[in-house]
Amino acid sequence: MPNYWPLIFQIGLPVFLIGLGFLAGRVNEGRHRRSLLRREAMTGPVMTNLRSLPEAARAVESWLCLGTVVIASDYFKTFGASLKTLVGGRLRTLETLLDRGRREALLRLREDAREREADMVMNVRFETAIILRSKHNRPYPAAEVVAYGTAVKLAKGAA
Amino acid sequence: MLLSNMEQVPGQRIVQHLGLVSANTIRAKHVGRDIMAGLKNIVGGEIKSYTQLLTEARNQAIERMVEEGERLGANAIINVRLSTSAVMAGAAELFAYGTAVVLEPEGQG
């Protein structure tokens, strides 16, 4: 009987990882989505990307605020995306990955601003970077998203 | 030191521009964190150790930028911008830059 073990290992391991990625990835993504929806429903400072305060508003204090997250794709989606690059088109799984990363970063920025009782966050900007690369310089779908802006505390009563 | 990414600071007037200040830092991840990240690339989700690593590095870049501003005699850095880039496998550069200025409260002088 020929030795089938190397073959089983070579095919079995990727299949196992894809299966694990599929299941664990689904659970993780579902949990993250629910957490995002719950936290987005909470009240907090108004987020804007306006570059200056409205005429009527008077500020008493302002400071720089940050929210960051590093988010990774799962093995199943990475595999699916690499297949998709053969035929081209939209990579929906990676779109949702970056979408979740941006929402998470924005929420952390808002939570940071709320902690110091800001009323608004002005000039919100996003910065995204693919930070992980394998030995063969093939990027892993993992990205750092930074959201930053200037938190402003408004004068009460005035204006 | 007041930091802001706006061009004007509400309630304050810019009395002097001291020019561009910037600082960078390049950080490499270590093997332990890499193994955890490798696992995360299978199951997906946030890589907390990287979030923390990059936050620390970014804070250090901002701190150095603030030091440069202090040397120039500024009391604020406005229009702050941040950027991240992967310079090589396993290392990221964090860069912060802005304009050092002297502010004074509006309605004085």
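Can you pull the semi-axes for the stretch A:1-76, root of five times each eigenvalue of the Cα gyration tensor, sorted largest first, whole Å?
Working: eigenvalues 527, 39, 13 Å².
Ellipsoid half-lengths, sorted descending, are 51, 14, 8 Å.
For the stretch B:50-109, run through the GluC sites (Glu not before Pro) and keep only the ones in DSSP coil with at most 13 other Cβ atoms within 10 Å of their Cβ. Don't skip to the answer; put the middle values down first.
Details: sites: B:Glu56, B:Glu63, B:Glu67, B:Glu68, B:Glu70, B:Glu93, B:Glu106; in loops: B:Glu106.
Passing sites in the stretch B:50-109 are B:Glu106.
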query: When DSSP assigns beta bridges and you keep just the ones with both residues in the protein assembly as shown, what percent turn out antiparallel, to the nearest 5?
result: 95
query: Roughly speaking, what is the centre-to-centre gap between the stretch B:73-93 and the stretch B:3-33 when only Cα atoms are used, to the nearest Å?
result: 7
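Provide the three semi-axes, in whole Å and in decreasing order, of the ellipsoid equivalent to the stretch B:1-54 as defined by the square roots of 5 times the Cα gyration tensor eigenvalues. Write out the running numbers ahead of the final one.
Values: eigenvalues 321, 42, 11 Å².
For the stretch B:1-54, the semi-axes come out at 40, 14, 7 Å.
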message: Regarding the stretch A:48-118, what's the average projected area of the Cα-atom convex hull, expressed in nm²?
response: 6.9
Length released on extending from A:Val87 to A:Arg125, taking residue separation times 0.36 nm less the Cα-Cα span: 10.4 nm
- line: Once the dipole of the protein assembly as shown is set up from charges on Cβ (+1 Lys and Arg, -1 Asp and Glu), the residue from the list A:Tyr75, A:Ala118, B:Ser22 lying farthest towards its positive end is A:Tyr75
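Among the listed pairs A:Lys153/B:Lys29; A:Lys84/B:Lys29; A:Lys77/B:Lys29, which have their C-alpha atoms separated by more than 26 angstrom in this model? Walk me through the numbers before you get to the answer.
Numbers: A:Lys153/B:Lys29 37 Å; A:Lys84/B:Lys29 30 Å; A:Lys77/B:Lys29 24 Å.
A:Lys153/B:Lys29; A:Lys84/B:Lys29, as the Cα separations exceed 26 Å there.
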- request: Please determine, in degrees from 0 to 90 and to the nearest 10, the orientation of helix A:92-115 with respect to the longest principal axis defined by the Cα atoms of chain A, where the helix direction is its Cα long axis.
  value: 30
query: For the protein assembly as shown, with only Lys/Arg (+1) and Asp/Glu (-1) charged at the beta-carbon, what is the dipole magnitude about the Cα centre, in debye rounded to 20?
result: 1080
- line: Rounded to the nearest 0.05, FRET efficiency between B:Glu56 and A:Ala56 (Cβ-Cβ, R0 25 Å) equals 0.05
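Which value, in debye to the nearest 20, describes the size of the charge dipole of chain B about its Cα centre when Lys and Arg Cβ atoms bear +1, Asp and Glu Cβ atoms bear -1, and nothing else is charged?
Details: 10 positive and 11 negative charges, 88 e Å.
It comes to approximately 420 debye.
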query: If the cut-off is a Cα-Cα distance under 14 Å, which aspartates and glutamates reach A:Lys156, setting aside same-chain residues fewer than 8 apart in sequence?
result: A:Glu61, A:Glu117, A:Asp119
field: Cα centroid separation - the stretch A:61-98 against the stretch B:38-62, whole Å
entry: 15
message: At most 14 other C-beta atoms within 10 Å and a DSSP loop state: those are the exposed GluC sites (Glu not before Pro) I care about. Give me the longest piece of chain A that has none.
response: A:56-116
- prompt: R0 = 51 Å: FRET efficiency of B:Arg64 with A:Asn3, Cβ-based, nearest 0.05?
  reply: 0.30
message: Please report Rg (one decimal) and Dmax (integer) in Å for the Cα set of chain B.
response: 17.9, 61
query: On average over all directions, what projected area in square nanometres does the protein assembly as shown have, based on the convex hull of its Cα atoms?
result: 18.1
- request: With θ set to phi - 60°, apply the Karplus curve 6.51 cos²θ - 1.76 cosθ + 1.60 along the stretch A:5-15 and write out the HN-Hα couplings as whole Hz, x wherever there is a Gly or Pro.
  value: 4, x, 5, 4, 5, 5, 8, x, 5, x, 5
In sequence order, calculated HN-Hα J values of the stretch A:61-68 (Karplus, 6.51, -1.76, 1.60; Hz; x Gly/Pro): 7, 8, 7, 7, 10, 10, x, 10
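For chain A, take N as its residue count and report Rg(C-alpha) divided by 2.2 N^0.38 Å. Write down the numbers at each step before the final one.
Details: Rg = 21.6 Å, N = 159, 2.2 N^0.38 = 15.1 Å.
Ratio of Rg to 2.2 N^0.38 Å for chain A: 1.43.
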field: Label-point separation, B:Ile14 to A:Leu23 (7 Å along Cα→Cβ), nm
entry: 5.8
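Summing Lys, Arg as +1 and Asp, Glu as -1, what charge do residues with Cβ under 12 Å from the Cβ of A:Asp99 carry, A:Asp99 excluded?
Details: positive: A:Arg33, A:Arg92, A:Arg100, A:Arg102, A:Arg103; negative: A:Glu29, A:Glu95, A:Glu104.
Neighbourhood net charge equals +2.
Only the coordinates and a few stated rules stand behind these numbers; no lab work does. What you are looking at is a predicted structure, and each value in this text was computed from that prediction instead of being measured. Cβ sites come from the backbone with ideal geometry, for glycine too, and all protein chains shown count toward neighbours.
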